[in-house]
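As structure tokens, the structure follows; a few thoughts come after it.
The values are calculated or read from the model by the stated rules, or taken from the named source; none is laboratory data. This one's a predicted model, so the numbers in the text were calculated from it and none came from an experiment. As a convention, Cβ positions derive from the backbone with ideal geometry for all residues, glycine included, and neighbour counts pool all protein chains shown.
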Amino acid sequence: MTTAQKWTADRAKLADRLASGLAGWLQTKACEDVEHAIGEDAARFVCAEIINAQHRFRAALSEKPSNWDAKSKERLDIKLLGARAKANAKTAYGFIELKWPILETTDWKGTRRMIVEDAVRVLSATTANLNASFMILGVIGKVEDRLFDKTHKKPDLEDSRQRFAKLFVRATGSTGSLSLAELQATFPSHSNRVPMTQSPVTSKITAKLLAQASAVVGSTNAGKVYVWQINKYA
């Protein structure tokens, strides 16, 4: 196995741990009948706990990539650092953005837009070796159907659904993509929250589904967790 292959395998392993761990946590909350009371902040801390418990990487919450504007107040959800006791303790091995939409939302187009913006944000960050640029999505109950599957009568809403599903494919190991032209047409604000002078997407953005896991209680699927690796092509 080459060094590059080893890092690719490590990235997939971490994604699997995060999907399974977050789904397990969601399953526990579903057994307590409080799954609809949890959100992104709690999920972010659970994600950090899973990373820290493995003792290879360290999770730092709300961090700014080194290649972003130094004066910007924008932050990414989680930064993957080297283990504290090692020489690489300050090395950024990756960044993670996490979204946990609630069913009560009435703006699904806006929710899709925010998730796409987060994906663009995470791919813009400079990372080393592991190059983990993860977009994590937690969906409870009918949220997945609203985001991906339920069709809209209004053309602009339906366009956002179709292109969102084109990027964020749900078959593990598969890769979805959107061209820059598609991003500009459907999600024109895709790079608005990236504090860089130029858009990080020059040709195409891709999302490879590295892992997914379900939270099941009895015969009921309480929700799912997806982890995509986000990449760009010049």
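Table for the structure above
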read-out	value
Qualifying residue in segment 77-86 (condition: farther than 20 Å from K224 by Cβ, free of Cβ contacts under 8 Å to residues at least 12 places away in the same chain and out of contact with any Leu (no Cβ under 6 Å at 6 or more places or on another chain))	yes
Those residues of segment 116-161 which are without any contact (Cβ under 8 Å) to a residue 24 or more places away in the chain and of a type in the set (A, V, I, L, M, F, W, C), in sequence order	F148
Among the residues listed as D69, D77, the single one being charged (D, E, K, R), touching a Pro at 6+ places or on another chain (Cβ under 6 Å) and farther than 16 Å from L210 by Cβ	D69
Test for A222: is it outside any loop (DSSP other than H, G, I, E, B) and at pLDDT below 95	yes
Residue within segment 92-107 that is out of contact with any strand residue (DSSP E or B) (no Cβ under 8 Å at 6 or more places or on another chain), surrounded by fewer than 17 Cβ atoms within 10 Å (Cβ to Cβ), modelled with pLDDT of 90 or more and outside any helix (DSSP H, G or I) present	yes
Selection count, segment 50-66, where residues are touching a residue at least 12 places away in the same chain (Cβ under 8 Å) and part of a helix (DSSP H, G or I)	2
Residue under evaluation Q198, criteria (1) surrounded by 14 or more Cβ atoms within 10 Å (Cβ to Cβ); (2) assigned to a loop (DSSP other than H, G, I, E, B); (3) not hydroxyl-bearing (S, T, Y), criterion not met	(1)
Candidate set: segment 132-154, residues that are among the β-branched types (V, I, T) and crowded, with 19+ Cβ neighbours inside 10 Å; chosen: the one farthest from A30 (Cα to Cα)	I136
Subset tally (residues that are over 9 Å from the mean Cα position of the chain (by Cα), among the aliphatic types (A, V, I, L, M) and within 23 Å of D16 (Cβ to Cβ)) for segment 85-139	7
